[in-house]
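To start, the structure under review is shown below, and the notes come after it.
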Amino acid sequence: MGGHNKGVHMVTFLLLVIGGLNWLLVGAVGWDVGELFGGMDAVVSRVIYVLVGLSAVYELVTHKANCAKCKEGAKPATGSMPTPGAGGNQPQG
C-alpha cells in the first residue's frame, strides 16, 4: 500500500473510531458528540457525520485489500514447506 493510501486509511480509521465512540456515548448516556458543535443540525456536525459515513464506505470497499488478517487467509498454511525451485530464500547451488 502506497503512502497516500496509508494516509487515507489512517484518517478513515480515526473517523470510524470517533463515530463508534459517539454511538457508544449515544447508547450509554444519551449524549451526542455533535452537541459540542451545535447539535445535529449544525453544519459542522453534519460535515463530521458525512465524513464518518464516507469513511465507513471507503473502509468497507478497501478492507480486504488493506487488511493483513484478511490477506493471511490467502497464504499457505503456516509450517508448509515451499516447493523446491519455486523461489524464496532457498540456497543456490
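The values are calculated or read from the model by the stated rules, or taken from the named source; none is laboratory data. Everything numeric in this text was worked out from a predicted model, so none of it was measured. With ideal geometry, Cβ positions are generated from the backbone for all residues, glycine too; neighbour counts draw on all protein chains shown.
Can you name the residue in the range 58-82 that is charged (D, E, K, R) and at pLDDT 80 or above and, of all such residues, is nearest to residue 5 (Cα to Cα)? The selected residue is 59. Pairs linking a residue in the range 47-73 that is at positive phi and loosely packed, with under 10 Cβ neighbours inside 10 Å to a residue that is of a type outside the set (A, V, I, L, M, F, W, C) and assigned to a helix (DSSP H, G or I), with Cβ atoms under 8 Å and 6 or more positions apart or on different chains, do not occur. Scanning the range 1-44 for residues that are touching a residue at least 60 places away in the same chain (Cβ under 8 Å) and either hydrophobic (A, V, I, L, M, F, W, C) or assigned to a loop (DSSP other than H, G, I, E, B) (or both) gives a single hit, 1.
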